[in-house]
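In what follows, a single structure is set out as structure tokens and then discussed.
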Amino acid sequence: MTLDLEVNSPVVGAQAVMTGGGLRSQSKYVLTMRSTPVQVAAGLTDDAGNFRAQIKLPSKICVSGGLHELVLTGITPDGDALRDSSWIVLDDNCKSRSVRKAKPVDNTVTLGTFIFPHLSAKLTPHSKSVLRGLRSPIRTAKRMTITGYTQTTMKSKAARKFNRDLAKRRAAAVRAYLRSLGVRAPITIVGAGGVSPLRGKAQKYNRRVVIRVRY
């Protein structure tokens, strides 16, 4: 199963292509959204046990915000059940916040990266707007980790300490704003500083905070 979805885009009307083979002839295949099961689409294999169907995702796929599994199931000639999954994070407005083929390790996904002004730990209006949009998909989070970074050009011992402190203040600013929005999940903040530069990007993109959410 492949899903043609863009992050931060509406899910309803998005294209999904379902293909399979080697299944029982004229047997049923089903696409379901979990964990509260919602049947999204279904059909029958051909005489050779194959199928290919292109669908538009319907409005009933709009379940509550959080991490969900799209499961495509079929039956082998021996009667065994087969399944293929994709994982998606939805917000309450039925927009995708993350889409991935493999199950997230430890049910943890990256949901946000925010850029800060030079030498600043102050959230920009744009960052606040993005954080408000993340409020619903992180409502069911079990834990969050917010990691702050800085530019990576300063190498002295004093500069490294300054950058770690600045990075932690940036992470703390994101945590404080999420708390003001009513987010109650446990949050760990990390001041990584001037490490892990984004290759091929200008230094301003290293002035970032990354949010990882465990469901």
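What to note about this one:
- Each residue, THR188 and LEU82, gets one label point 7 Å from its Cα in the Cβ direction; the gap between the two is 4.0 nm.
- Options (i) 64; (ii) 44; (iii) 49 - which one matches percent of Cα pairs over 25 Å apart as calculated here: (iii)
- Check: the chain dipole with +1 on Lys, Arg Cβ and -1 on Asp, Glu Cβ, in debye: 1880 debye
- For segment 1-16 versus segment 26-87, the gap between their alpha-carbon centres in whole angstrom: 15 Å
- Anisotropy class of segment 2-103 from Cα gyration tensor, a/c 1.5 cut: prolate
- Restricting segment 120-212 to trypsin sites (Lys or Arg not before Pro) that sit in a DSSP loop and have at most 13 other Cβ atoms within 10 Å of their own Cβ leaves LYS122, LYS142, LYS155, ARG184, ARG199, LYS201.
- The simple Förster model, with R0 at 45 Å and r as the Cβ-Cβ distance, assigns VAL17 and LYS155 a FRET efficiency of 0.35.
- Spin-label pair ILE115/ARG100, simplified geometry with 7 Å Cα→Cβ offset, distance in nm: 2.4 nm
- Local charge for SER27 was computed over the other residues whose Cβ lies under 12 Å away, with Lys and Arg +1 and Asp and Glu -1, and equals -2.
- Net length available on complete extension from THR140 to LEU44 is 31.0 nm, with 0.36 nm assigned per residue and the Cα-Cα distance removed.
- Its relative contact order, with pairs defined as Cα atoms under 8 Å and 6+ residues apart, puts the chain at 19 percent.
- Neighbour net charge for LEU72 - beta-carbon separation under 13 angstrom, K R +1, D E -1: +3
- Dipole orientation for the chain: of the candidates ALA185, LEU90, GLY21, ALA185 has the Cα lying most toward the positive pole (charges on Cβ; Lys, Arg +1; Asp, Glu -1).
The numbers here are math on the coordinates, done by the rules we state, and not lab data. Quick caveat: nothing in here was measured; it's all calculated off a predicted structure. For neighbour counting, all protein chains shown are included, and Cβ atoms are generated from backbone atoms with ideal geometry for every residue, glycine included.
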